[in-house]
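Have a look at the structure below, then the notes.
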Amino acid sequence: MEKREALYAGKAKSVYVTDDPDRLILHFRDDTSAFDGQKKEALARKGMVNNKFNAFIMGKLEEAGIPTHFDGLLSDTECMVKKLDMIPVECVVRNVAAGSLCRRLGVEEGRELTPPTFELFLKNDEQHDPMINESLAETFGWATPEQLAEMKALTFKVNVVLKQLFKDGDMLLVDYKLEFGVFHGQIVLGDEFSPDGCRLWDANTREKMDKDRFRQGLGGVIEAYEEVGRRIGVAFD
Ligand code: ADP
Ligand code: UDP
């Protein structure tokens, strides 16, 4: 497989085309951003940590029967993926109230959500990723009702698998964001699953072990990501 030109440089990853039109290379950079890119910093080792963390999680999801774009690790900071036609909709499941849900509804952080909630956001930085719903997604052609139903079912299936995985590591999976795309007609999980795109709390102390450490300037960001990985069995070296 030959790495060719850069297709896109996002806020945290760069995407390269390859000599196979169906495959891309994702390069996980150390760049970290929050608040629509207003807060930015390069955190040493983050690219490597998130690349290996994501590979581990994608493997667990594949084992559970969830179709993912992940094909394999290429280096400490790169992996090979299927090239998806990305659906510009972010799927968020919440098990515990935090973040924008608390700001929007005035709900207290830490309240258990039963049953877990499901939300859709439009992936659009200029509009600050506004919350949308299935009707808007259908009308504006971001996704069909069938695609939305499949994305929702898969996002909840991920919850069953990962809630237990993190529970076994004495952590609480508070919430997470997933992105999907289409590969030869099938809805497939794309992008990444790492502590950059979810909230994880220590089950006993409720200490934050995810990107909220960066958002809130708590320090020890990558050390926390590594601790999460260590607890669930990710090998970083
Ligand atoms: P952002 O675009 O939000 O700044 P990243 O820095 O993570 O995010 O950039 C990665 C980009 O690659 C995202 O736009 C994501 O939707 C896209 N992407 C992720 N996986 C795939 C895939 N398998 N096929 C095509 N595009 C993908
Ligand atoms: N999230 C993400 N990318 C986004 C928006 C949200 O990865 O563009 C993740 C975020 O890390 C959290 C979950 O989705 O785990 C829910 O985020 P929320 O809506 O609470 O927004 P935030 O507080 O992060 O602005």
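The values are calculated or read from the model by the stated rules, or taken from the named source; none is laboratory data. It should be emphasised that the depicted structure is a prediction, and the values quoted were computed from it without experimental measurement. Ideal geometry is used to build each Cβ from the backbone, glycine not excepted, and the neighbour counts take in all protein chains shown.
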Next on the checklist: Please list, ordered by residue number, the strands (runs of 3 or more DSSP E) wholly in segment 164-228 having 2 or more residues that are under 25 Å from G37 (Cα atoms).
Outcome noted: 171-183, 198-202
Checklist entry - Going by the conditions given, is R206 within 20 Å of V96 (Cα to Cα), in contact with a helix residue (DSSP H, G or I) (Cβ under 7 Å, 6 or more places away or on another chain) and at pLDDT 95 or above? => result no
Item to check | Count - residues of segment 1-60 that are part of a loop (DSSP other than H, G, I, E, B), out of contact with any Gly (no Cβ under 9 Å at 6 or more places or on another chain), surrounded by 12 or more Cβ atoms within 10 Å (Cβ to Cβ) and without any contact (Cβ under 8 Å) to a residue 40 or more places away in the chain | outcome: 2
Checklist entry - Of the residues A143, A153, A149, which is surrounded by 22 or more Cβ atoms within 10 Å (Cβ to Cβ) and either away from ligand 1 (no atom under 16 Å from the Cβ) or over 30 Å from R206 (Cβ atoms) (or both)? => result A143
Next on the checklist: Condition (residue is in contact with a Lys or Arg (Cβ under 9 Å, 6 or more places away or on another chain), of a type outside the set (K, R), in contact (Cβ under 8 Å) with a residue 40 or more places away in the chain and over 23 Å from M151 (Cα atoms)) applied to segment 68-75: is it met by at least one residue?
Outcome noted: yes
Checklist entry - Just checking, how many residues over segment 31-49 are within 12 Å of ligand 1 (Cβ to nearest atom) and of a type outside the set (K, R)? => result 7
Item to check | Scope segment 209-234; condition closer than 15 Å to G99 by Cα and among the charged types (D, E, K, R); matching residues | outcome: D210, K211, D212, R213, R215
Checklist entry - Of all residues in segment 156-179, how many are within 20 Å of G229 (Cβ to Cβ) and within 16 Å of ligand 1 (Cβ to nearest atom)? => result 4
Next on the checklist: What are the pairs with Cβ atoms under 7 angstrom where one residue, in segment 89-102, is touching a residue at least 60 places away in the same chain (Cβ under 8 Å) and under 16 Å from W201 (Cα atoms) and the other, located anywhere, is assigned to a strand (DSSP E or B) and within 16 Å of ligand 1 (Cβ to nearest atom)? Sequence gap at least six, or different chains.
Outcome noted: V93/Y176
Next on the checklist: Taking the conditions exactly as written (basic (K, R), at pLDDT 95 or above and closer than 24 Å to S75 by Cα), does R215 satisfy them or not?
Outcome noted: no
